[in-house]
Amino acid sequence: MKVTTLYFSATYTTRKVVETVAANLSDEVTTYDITNDAPTESVTIPSDEVLVVGVPVYAGRVPAMAVERLRRFKGEKTPAVVVAVYGNRHYDDAVLELHDIMSECGFCTVAAGAFIAQHSIFPKVGKARPDAKDLADIKRFAEQITTLLDGSFGAIEIPGNRPYKVPGGIPIWPTASRKCTACGACARLCPTGAIDPASPKGVNKEKCIKCGRCIVVCPTKSRRFYGIKYSLAAARFNSAFTARRENEMWFANKE
């Protein structure tokens, strides 16, 4: 079968999960990375292919800037695998929301998954995940999808609420330390254009979505979250969410 992957992945972990699913489904994969850009015109994925679409969970939701880009892809009752990747707290309504978005675009969800990754703001939570056990889970997920695609499938039950939760936030933003060499990697790769190439140590707080891209691409490791507000929030978050959560998967009913 032909597989198309579609993902928003600021810290590259969602990409890893989506690519692992796709690699276990097919050797013929077309990729759309909508983190920094997306096609300007609508892209149709035909019904004889499979779409694997993934997003990170931001405050229990699909990232707002990803939604418009996802809507540029259209299905023809095309089977879709929807994946949400989150930092060991909870996925809340994100899996359901992603399923709804893709359904509105003409895709039929055959399977859905909520997979754990290292948290992008509080990296002690979910540290080094996805790990070997997670990758084994993803492989089993793909194997079960293959059995569904061999026949016909019906509806899928995905947890979550409509209306979706209202996302919250913490008034913290990533900035750079004195180790910053002003190389411009963070400004060049920021999905929202929140970093001025002429002054890359700071950040535009109105544009920044705290996705963590600037942190993972910084070659000197100078960029991260600083300050007393962050330290206090990290202490609370680490205490509440360090216990290991496991991946969750849902599959459409066989007909």
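Please go through segment 41-58 and give me each residue that is part of a strand (DSSP E or B) and closer than 17 Å to Ile138 by Cβ, ordered by number.
Of everything in segment 41-58, those that are part of a strand (DSSP E or B) and closer than 17 Å to Ile138 by Cβ turn out to be Val50, Leu51, Val52, Val53, Gly54, Val55, Pro56.
Could you check segment 10-22 and list, in sequence order, the residues that are open to solvent by 10 Å² or more (accessible area, probe 1.4 Å), more than 16 Å from Ile215 (Cα to Cα) and in contact (Cβ under 8 Å) with a residue 24 or more places away in the chain?
Arg15, Lys16, Thr20
If I filter segment 28-62 down to residues being among the charged types (D, E, K, R) and in contact with a helix residue (DSSP H, G or I) (Cβ under 9 Å, 6 or more places away or on another chain), which single residue comes out as modelled with the lowest pLDDT?
Here the answer is Asp37.
Contact list please: Cβ distance under 9 Å, first residue in segment 171-184 and within 17 Å of Ala233 (Cα to Cα), second residue surrounded by 15 or more Cβ atoms within 10 Å (Cβ to Cβ) and among the aromatic types (Phe, Trp, Tyr), pairs at least six apart or on different chains.
Between residues of segment 171-184 that are within 17 Å of Ala233 (Cα to Cα) and residues that are surrounded by 15 or more Cβ atoms within 10 Å (Cβ to Cβ) and among the aromatic types (Phe, Trp, Tyr), the close pairs are Ile172/Phe225; Ile172/Tyr230; Trp173/Phe225; Pro174/Phe225; Thr175/Phe225.
Check segment 161-170 and report whether any residue there is in contact with a Lys or Arg (Cβ under 8 Å, 6 or more places away or on another chain), over 15 Å from Ala59 (Cα atoms) and either without any contact (Cβ under 8 Å) to a residue 24 or more places away in the chain or open to solvent by 30 Å² or more (accessible area, probe 1.4 Å) (or both).
no
Suppose we filter Ala22, Ala84, Ala38 for residues that are in a helix (DSSP H, G or I) and of a type in the set (Gly, Ala, Ser); which single one remains? Lay out the reasoning, then the answer.
Values: Ala84 fails: in a helix (DSSP H, G or I); Ala38 fails: in a helix (DSSP H, G or I).
Result: Ala22 is the single residue among Ala22, Ala84, Ala38 that is in a helix (DSSP H, G or I) and of a type in the set (Gly, Ala, Ser).
Which of the residues spanning segment 1-19 are under 19 Å from Glu68 (Cα atoms) and either part of a strand (DSSP E or B) or more than 9 Å from the chain's Cα centre (by Cα) (or both)?
If the condition is that a residue be under 19 Å from Glu68 (Cα atoms) and either part of a strand (DSSP E or B) or more than 9 Å from the chain's Cα centre (by Cα) (or both), then Thr4, Thr5, Leu6, Tyr7 are the ones that fit.
For the condition touching a Lys or Arg at 6+ places or on another chain (Cβ under 7 Å) and open to solvent by less than 60 Å² (accessible area, probe 1.4 Å), what is the one hit in Leu149, Leu189? Lay out the reasoning, then the answer.
Details: Leu149 fails: touching a Lys or Arg at 6+ places or on another chain (Cβ under 7 Å).
The conditions single out Leu189.
Only one of Thr78, Thr31, Thr44 is closer than 25 Å to Gly151 by Cα, open to solvent by 50 Å² or more (accessible area, probe 1.4 Å) and in contact with a strand residue (DSSP E or B) (Cβ under 8 Å, 6 or more places away or on another chain); which?
Going through Thr78, Thr31, Thr44 in turn, the sole match is Thr44.
Looking at segment 203-229, which of its residues are at negative phi and open to solvent by less than 30 Å² (accessible area, probe 1.4 Å)?
Those that are at negative phi and open to solvent by less than 30 Å² (accessible area, probe 1.4 Å): Cys208, Cys211, Arg213, Cys214, Val217, Cys218, Ser222, Arg223, Phe225.
Mind checking which residues of segment 38-63 are touching a residue at least 60 places away in the same chain (Cβ under 8 Å) and within 17 Å of the chain's Cα centre (by Cα)?
Answer for segment 38-63, where residues must be touching a residue at least 60 places away in the same chain (Cβ under 8 Å) and within 17 Å of the chain's Cα centre (by Cα): Pro56, Tyr58, Ala59, Gly60, Arg61, Pro63.
Kindly provide the set of residues from segment 25-35 that are within 24 Å of Thr11 (Cα to Cα) and part of a strand (DSSP E or B), ordered by number.
Result: Val29, Thr30, Thr31, Tyr32, Asp33.
The values are calculated or read from the model by the stated rules, or taken from the named source; none is laboratory data. Here the structure is a predicted model, which is why all the values come from computation and not from measurement. Note that each Cβ is placed from the backbone with ideal geometry, even for glycine, and that neighbours are counted across all protein chains shown. SASA here: full protein model, heavy atoms, side chains in, ligands and nucleic acids out. Shrake-Rupley method; radii C 1.70, N 1.55, O 1.52, S 1.80 Å.
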